[in-house]
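Colleague: If you scroll down you'll find the structure; I have some questions about it.
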Amino acid sequence: MAGKKASASRAASSAAKLKLLHRRRSNILGSAMMINDFNRSYEPTQQDQLATQIAYLDELWRDFLSTQEEIEVLEDNCAQPTQPITNVRLPEIKIPVFCGKIDDWVSFRDLFVSLIHSNQQLTAVQKMHYLRASLTDEAARVISALDISADDYQVAWNLLKDRYENPNMLIKRHMSALLAINPLKRESALGLSELADSFDRHVQLLNKLETAEEHWNSFLVERLSSCLDPCTLREWETHVDDGERPTYKELLEFVHKRSRIIKTLMLSHPTNTQSKPKSSKSRFTTHVAADNTKKCLYCKESHLLFQCSGSKA
């Protein structure tokens, strides 16, 4: 009887340990899946994360081999069939922070959606925790009034999208950035590399916001609008509805219409070109000048004596 109890106890202990090993293996596989997602959605702007991801993957591989070996040993000893991988619990994930700079929104959004938002193995509460930990400064203040709860996660995510998911503004910023890149002053390997990387970064982000065929339209809109006077530019920005993609043809028509309106207003209210009456000061100066003119000694008129015809008669 004692032998059976000891055997049952060892079996229970082995089963419990095996369950823990299966859970550990599940965690490792879950982490590897996230790195795979990172690999599929990789962008050149994420180059600084490659070394960390590779080192983490090497560590996961070593842990997986060690854990798998323990599982196989226990299963051979217990003759227990392998349990399916369930209840995957993901470890803490290091995500680049977003401070509210609109130029960084697309990169942050894509990475967060890939690792957290679309991860079915995370609860809404966990997603909210990761979201709060990934925000600083202005972006953090957007959701600061919300609690870490399942109901508030989608609300928080929608608030961020409403604030920063502005395709027109993003396109404008990246187009402006392309136009603002300074040309190289001299030949340089590093300079050429940085120029290509900086230029392509904005192009890649533009590709996420619109098709390549639309780039020319966006370029023309940005270039022409940058040439407008402040008043006309303000009217144009007010004219474009939120979420609407303005076309170059629409902007061109707007500029011509604006020109016609200004011309019509000028004709309706012409500038008064009549000369203004002279001031009292001017009249006074004139009188003084007249009074100071020398008078003829002969006839007392305003001319010199040698000019007087009466004196010569």
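Colleague: Inspect all residues belonging to segment 174-187 and state whether any of them is touching a residue at least 60 places away in the same chain (Cβ under 8 Å), not in a helix (DSSP H, G or I) and not polar (S, T, N, Q). Break it down stepwise before answering.
Modeller: As a first pass, look at segment 174-187 and keep what is touching a residue at least 60 places away in the same chain (Cβ under 8 Å): 174, 177.
This time we only want the ones that are not in a helix (DSSP H, G or I), so: none.
Among the residues of segment 174-187, not one is touching a residue at least 60 places away in the same chain (Cβ under 8 Å), not in a helix (DSSP H, G or I) and not polar (S, T, N, Q), which makes the answer no.
Colleague: Scan segment 136-152 residue by residue and report those that are among the aliphatic types (A, V, I, L, M) and surrounded by 15 or more Cβ atoms within 10 Å (Cβ to Cβ).
Modeller: The first filter runs over segment 136-152 and keeps only residues among the aliphatic types (A, V, I, L, M), leaving 139-140, 142-143, 145-146, 148, 150.
Selection gives 139, 140, 142, 143, 146, 148.
Colleague: Further question on the same structure: Evaluate the following for residue 35: is it open to solvent by less than 30 Å² (accessible area, probe 1.4 Å), free of Cβ contacts under 8 Å to residues at least 60 places away in the same chain and farther than 30 Å from residue 202 by Cβ?
Modeller: Details: open to solvent by less than 30 Å² (accessible area, probe 1.4 Å): yes; free of Cβ contacts under 8 Å to residues at least 60 places away in the same chain: yes; farther than 30 Å from residue 202 by Cβ: no.
Answer is no for this residue.
Colleague: Just checking, how many residues over segment 217-245 are touching a Phe, Trp or Tyr at 6+ places or on another chain (Cβ under 8 Å) and under 23 Å from residue 103 (Cα atoms)?
Modeller: 6
Colleague: Restricting the search to segment 50-73, which residues are modelled with pLDDT of 75 or more and over 17 Å from residue 29 (Cβ atoms)?
Modeller: Passing the criteria: 51, 52, 54, 55, 73.
Colleague: How many residues are in a helix (DSSP H, G or I) and open to solvent by 40 Å² or more (accessible area, probe 1.4 Å) if we restrict to segment 221-257? First the steps, then the outcome.
Modeller: Going residue by residue through segment 221-257, those that are in a helix (DSSP H, G or I) are 221-225, 230-239, 248-257.
So of that shortlist, the ones also open to solvent by 40 Å² or more (accessible area, probe 1.4 Å) come out as 223-224, 230-231, 233-235, 237-239, 248-250, 252-253, 255-257.
The number of residues fulfilling the criteria is 18.
The values are calculated or read from the model by the stated rules, or taken from the named source; none is laboratory data. All values reported here derive from a predicted model rather than from experimental measurement. Methodologically, a virtual Cβ is constructed for each residue, glycine included, from the backbone with ideal geometry; neighbour enumeration extends over all protein chains shown. Please note that ligands, DNA and RNA were not included when accessible areas were found on the heavy atoms of the full protein model with its side chains. Shrake-Rupley method; radii C 1.70, N 1.55, O 1.52, S 1.80 Å.
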